[in-house]
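Worksheet: one structure, shown below.
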Amino acid sequence: MSVEDSKIVDAISADPKGNIVLTISDHLEWDENSEHLLVLQNKINDYLSFIESGQIYSDYTHAKGKNFIINIYAKFLPNETAERFLRCTRETIQAAGYDLTLSFVERQ
């Protein structure tokens with residue numbers, strides 16, 4: 001599964017603090033024409049729909065009463081445009097009561 005597989009949650013886990021982490025597996029390079037950002041935005045929106053619709057509670061019953069984190073597990077460091085997008089997206093997600101994190105497969 002990957003960022004390109006819409007309507008599919010790549011991974012769900014619990015972190016040591018008990019938060020529910022929904023991970024997006026992102027192997028795409030950051031491009032100049034922002035196609036990657038559109039794919040990522042759609043995937044994030046799918047994850048938010050999964051949470052807000054309540055489907056997460058039927059698919060992952062341990063999620064009840066927990067905080068949610070969407071983690072983007074990226075292969076490549078974001079370019080400047082992607083950094084701006086991620087900053088704005090994090091603010092929007094935090095305003096909805098969730099969190100957004102970014103971790104990397106490898107450092108460039």
Task: Residue count for the stretch 52-98, restricted to those that are under 14 Å from ILE24 (Cβ atoms) and not basic (Lys, Arg) - done: 15
Task: Set LEU86, LEU40, LEU22: member being assigned to a strand (DSSP E or B) and buried (at least 18 other Cβ atoms within 10 Å of the Cβ) - done: LEU22
Open item on the list: Out of SER58, SER103, SER49, I need the residue that is part of a helix (DSSP H, G or I) and either touching a His at 6+ places or on another chain (Cβ under 8 Å) or over 16 Å from SER6 (Cβ atoms) (or both). Which one?
Closed with: SER58
- [ ] Report, ordered by the first and then the second residue, all pairs with beta carbons closer than 7 Å, sequence separation of six or more or different chains, a first member in the stretch 30-53 that is over 15 Å from GLU83 (Cβ atoms), and a second member that is in a loop (DSSP other than H, G, I, E, B) and modelled with pLDDT under 90.
- [x] VAL39/VAL3; VAL39/GLU4; ASN42/SER6; LYS43/VAL3; LYS43/SER6; ASP46/SER6; ASP46/LYS7
TODO: Would you point out which residue out of ILE93, ILE44 is closer than 17 Å to SER2 by Cβ and at pLDDT 95 or above?
DONE: ILE44
Open item on the list: Could you go through the stretch 53-68 and let me know if any residue there is acidic (Asp, Glu) and over 14 Å from the mean Cα position of the chain (by Cα).
Closed with: yes
Task: Residues being in a loop (DSSP other than H, G, I, E, B) and among the charged types (D, E, K, R) - total across the stretch 25-37 - done: 3
TODO: Residues being part of a loop (DSSP other than H, G, I, E, B) and either without any contact (Cβ under 8 Å) to a residue 40 or more places away in the chain or polar (S, T, N, Q) (or both): count how many of those fall in the stretch 61-76.
DONE: 3
TODO: Would you please name the residue that is modelled with the lowest pLDDT, looking only at residues in the stretch 51-83 that are among the hydroxyl-bearing types (Ser, Thr, Tyr) and surrounded by fewer than 12 Cβ atoms within 10 Å (Cβ to Cβ)?
DONE: THR61
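The values are calculated or read from the model by the stated rules, or taken from the named source; none is laboratory data. Computed from a prediction, not measured in an experiment: that's the story for all the values here. Reconstructed Cβ throughout: ideal geometry from the backbone, glycine too, with neighbour counts over all protein chains shown.
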